[in-house]
Amino acid sequence: MPAEVECDEMLRRVIRAAVCNAYGPPTSLQICDVPDPVAGPGEVVVDIASGAVNFPDVLLIANRYQVSAPLPFIPGSEFAGSVSAVGPKVDHLAVGDRVFGAVMVGAFAERIAVPAAAVRPIPDEVAMDVAAAFWVAHTTAYHSLRSVAAVEPGEVVVVLGAGGGVGLAVVELAAGRGATVIAAASTDDKLALCHARGAAHVVNYGRDDLRQAIRAAAPNGVDVVIDPVGGPSAEAALRCLRWRGRFVTVGYASGEIPRIPLNLVLLKGCVIKGFEMRSFTESEPELTRRDLGELVELLSAGRVTPHISAVHELKNVAAALTSVAERRSAGKVLVRCSPGHQGRSADDHATGAGG
């Protein structure tokens, strides 16, 4: 092969990606050329149409998550796209298949190599962006409601951080399960969105006293609290539980891990549980299969769908991450990774990053 042709081939073997070379804020990310991934045994390569931003992405970049991602790494934990290569020992996927999936890192790139078991086919009825924004938030929400809190129809559920990706998914899914939902969020715009997604009562905890507002909506107490944000709101909501209520802690988007007085647990006979995706799926495989099967059916039937508040180009990934870090976004924020995708973006259109 002539030297100039070999050089051209080498130049084509790179992709664009957002790279974290040093821990810090989202603005520390760099858009770089990285080696084009190759599908190994049991793997597929996916041309990523869109990646979705989740709060743990922000924590990983800052090295404040429960586990560290060794430097350098490509952030991004959720994506949807098309299979472009299939490795050996993969017989259930083919080139061209539309898939979505979740990983620890790697999704904010034009292409990714992942284990074939890490992706699922996108139902024919579901758009690519919907699939990209769906999986992490809705699986977290559904496991928390269905298997951890065991929410039943007619129960009263308080959702903290209800305007975020996980919170809004909890609102939608809890209402769909027949629960009465009290949604707490920081702005009236987010609360209007929660109401549209099924919340019976809304509380602006940037303006209202959370405990008093919940008591007014549920004088006899609430059955369940789902908390993705932590901070001082956690204790206020816990105090509103009725006897043998359940409190599920999912994350700490506020940046503050709450300290709960144990006498409240004693007086209320309540149960405090935690949900963390990897621990749950590894320890509860049967519940995981049941929940995911039910959730995909809901998605395919159009009974649940994520709210996408903004779409940014890959070059502006820092803006996408910052909007989530500062809790300015409602629902989910996407990063458009494929240069050939013709979708609308917040960088070219006024889709609105806040909510």
When every residue in region 230-267 that is in a loop (DSSP other than H, G, I, E, B) and open to solvent by less than 10 Å² (accessible area, probe 1.4 Å) is compared, the one farthest from ARG146 (Cα to Cα) is GLY231
Filter result (open to solvent by less than 10 Å² (accessible area, probe 1.4 Å) and either part of a loop (DSSP other than H, G, I, E, B) or farther than 21 Å from ARG215 by Cβ (or both)) within region 191-203
ALA199
Flagged pairs (Cβ under 6 angstrom, 6 or more apart or on separate chains; first in region 185-200, under 19 Å from ARG328 (Cβ atoms); second basic (Lys, Arg) and assigned to a helix (DSSP H, G or I)) are none
Search result, residues across region 270-307 that are in a helix (DSSP H, G or I) and β-branched (Val, Ile, Thr)
THR281, THR288, VAL296
Have a look at ALA49, ALA109 and point out the one that is touching a His at 6+ places or on another chain (Cβ under 8 Å) and within 28 Å of ALA330 (Cβ to Cβ).
ALA49
Could you grab me the full set of residues in region 18-45 that are of a type in the set (A, V, I, L, M), farther than 26 Å from ALA330 by Cα, open to solvent by 20 Å² or more (accessible area, probe 1.4 Å) and outside any loop (DSSP other than H, G, I, E, B)?
VAL34
Identity of the residue in region 46-64, assigned to a strand (DSSP E or B) and in contact with a helix residue (DSSP H, G or I) (Cβ under 6 Å, 6 or more places away or on another chain), that ends up surrounded by the most Cβ atoms within 10 Å (Cβ to Cβ):
ALA52
Only one of ALA132, ALA175 is at pLDDT 95 or above, more than 27 Å from SER283 (Cβ to Cβ), in a helix (DSSP H, G or I) and open to solvent by 10 Å² or more (accessible area, probe 1.4 Å). Can you tell me which?
ALA175
Taking region 319-330 as the search range and keeping residues that are surrounded by fewer than 24 Cβ atoms within 10 Å (Cβ to Cβ) and in contact with a His (Cβ under 9 Å, 6 or more places away or on another chain), which one is farthest from ALA107 (Cα to Cα)?
SER323
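The values are calculated or read from the model by the stated rules, or taken from the named source; none is laboratory data. Computed from a prediction, not measured in an experiment: that's the story for all the values here. Every residue, glycine among them, receives a Cβ derived from its backbone with ideal geometry; neighbour counts consider all protein chains shown. When the accessible area is computed, the model is the full protein with side chains, heavy atoms only, and any ligands, DNA or RNA have been set aside. Shrake-Rupley method; radii C 1.70, N 1.55, O 1.52, S 1.80 Å.
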